Amino acid sequence: MPAKTFYLETFGCQMNAHDSEKVVGTLMAKGYAQVPTPEEAGLVLYNTCSIRDKAEQKVFHRLQQFKRNGKDKAIGVLGCVAQQEGEHIFERAPHVGLVCGSASYNRLGELLVQIEAGGRRVTGLSLDTDEAFDTPFTRRDNPHRAYITISEGCDKSCAYCVVPFTRGPERSRTSDSVMAEARRLAEQGYSEIQLLGQNVNSYRDPTPAAWNFAILIEHVAQIPGIRRVRYTTSHPRDFGRDIVEAMDANPVLCDHIHLPVQSGSSKMLASMDRLYTRDEYMRRIEWIKTARRHYSITTDIIVGFPGEMEEDFEATLALLDEVEYDSLFSFQYSPRPNTAALRFEDQVPEEEKRRRLTIVQEKQRAIQIRRNAGLIGSVKEVLVEGRNQALAQWIGRTSDNRTLNFTHPDNGGASLVGQYLPVRVTRSGPNSLVGESVTVV
Ligand code: 5AD
Ligand code: SF4
């Protein structure tokens, strides 16, 4: 067994998942081997999330487990909790040796050398960077779909959100390096690309070419071998009509737009500092719904933001009826350190937040049951992602980001994973579809 071993567990969003792929690649290039359990590892790393309090508590719970039996290990906290809590982590969990936020991953190699030399309380916490974490060593988890970071950090200041504090100011990668990475991935056989950023719509190429986001996706989608391009996440304020036009022009750009609204009440949107009104948001929905292609639309909702009255909540429910989202993520507002809303009055009681969340989720469930049932009989192309042995079904994903599990005639046990196949929808549920593969003659 190699002397240098590490274990890494990741929490949070796709940005974090992809950061972890880069961290793993960096460590392997330095001679470390990844092991599947913390017990086997000399170095234990947690790549953490602090978007809501619950996510943050998870990591402290993990660290607690090492208090007694982790004496022979180096323990590191990476990501958003690392950046947010900084050196306080050493106070709360004195056995932690490394605390490093995502804006300092470029220094990870150097920090590891310090840890190896017996360094204690090693930190990488500067947010003062104008670079993205660009590394040739990314170790990707999925052989067909690859993430590419196009920008890091966020320059918005939504009143509830920790991200500007944990990921620092927004910085875009050059279009040259994004395109080179996408071409390389296509050559390696990846067919789906997912472009990542906290606010991809405000992407601004720092080279003289000065591409905006619409131009960038147009070019990525033209790379030979790339069959699907997705992106996340959007901010309605920066979501221009040119993005819909670019998508309409090339079906490689998937039939799905995630456009987080957060609330259906213009009053709440103003106090959240979202920089758009309900009407302005609905104008974007209109562009999408009147586009040439049909797009599924999904969103994020926060209930119980400070000052949310019954009428504001009703406005969110009415918005759900009006837009009829294909899916949504909904959250109870969770007060976060450093954010403006922490100081707002009229905090909504926990119990009321819970009640509102349940109502949102029940309403949305009914919408999804209805919408998914409308797809029965249609044929959709899926990218096969896996196999559910127990159900004897293949797991597929449609361009519009639905899970479509399907049966396929016995082909002697060969794997279909990574293939694109037409599937006829035969049944539907609130969260997925079931179908059978269509034999093409
Ligand atoms: N409380 C609850 N939900 C939050 N989100 C971001 N910050 C908070 C918070 N403090 C939600 C938003 C965002 C999604 C990623 O997480 O809906 O779009
Ligand atoms: Fe969590 Fe946000 Fe950090 Fe992603 S950027 S890991 S969602 S806090």
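Side notes on the structure shown:
- Entry remark, segment 326-359: residues being in a loop (DSSP other than H, G, I, E, B) and surrounded by 13 or more Cβ atoms within 10 Å (Cβ to Cβ) number 10 in total.
- Screening the candidates Thr123, Thr166, Thr129, Thr138 for the property of being touching a residue at least 60 places away in the same chain (Cβ under 8 Å) and not in a helix (DSSP H, G or I) yields one hit, Thr138.
- Any hit, segment 360-383, residues being over 30 Å from Thr439 (Cβ atoms), in contact (Cβ under 8 Å) with a residue 60 or more places away in the chain and surrounded by fewer than 18 Cβ atoms within 10 Å (Cβ to Cβ): yes
- Only one entry in Gln34, Gln65 is away from ligand 2 (no atom under 13 Å from the Cβ), out of contact with any Gly (no Cβ under 9 Å at 6 or more places or on another chain) and modelled with pLDDT of 95 or more, namely Gln34.
- Qualifying positions in segment 228-241 - surrounded by 15 or more Cβ atoms within 10 Å (Cβ to Cβ) and assigned to a helix (DSSP H, G or I): Pro236, Arg237, Asp238
- The set of residues in segment 34-57 that are crowded, with 16+ Cβ neighbours inside 10 Å and under 17 Å from Asn16 (Cα atoms) comprises Val44, Leu45, Tyr46, Asn47, Thr48, Cys49, Ser50, Ile51, Arg52, Ala55, Glu56.
- Only one of the numbered conditions (1) under 20 Å from Glu170 (Cβ atoms); (2) assigned to a helix (DSSP H, G or I); (3) of a type in the set (A, V, I, L, M, F, W, C) is not met by Met247, and that is (1).
- All of Asn47, Asn16 fail the test of being at pLDDT 95 or above and assigned to a strand (DSSP E or B), apart from Asn47.
- Scan of segment 382-398 for residues that are out of contact with any Leu (no Cβ under 6 Å at 6 or more places or on another chain) and under 22 Å from Ser191 (Cβ atoms), ordered by number: Leu383, Glu385, Gly386, Arg387, Asn388, Gln393, Ile395
- Of the residues making up segment 93-107, those that are under 16 Å from Thr138 (Cα atoms) and either at pLDDT 95 or above or in contact with a Phe, Trp or Tyr (Cβ under 8 Å, 6 or more places away or on another chain) (or both) are Ser102, Tyr105, Asn106.
- The residues in segment 151-208 that are within 12 Å of ligand 2 (Cβ to nearest atom) and among the charged types (D, E, K, R) can be counted, and the count is 2.
- Pairs where the first residue, in segment 410-428, is free of Cβ contacts under 8 Å to residues at least 40 places away in the same chain and the second is not in a strand (DSSP E or B), C-beta under 9 Å, 6+ apart: Leu416/His408
The values are calculated or read from the model by the stated rules, or taken from the named source; none is laboratory data. Computed from a prediction, not measured in an experiment: that's the story for all the values here. Neighbour counts run over all protein chains shown; Cβ positions are idealised from the backbone, glycine included.
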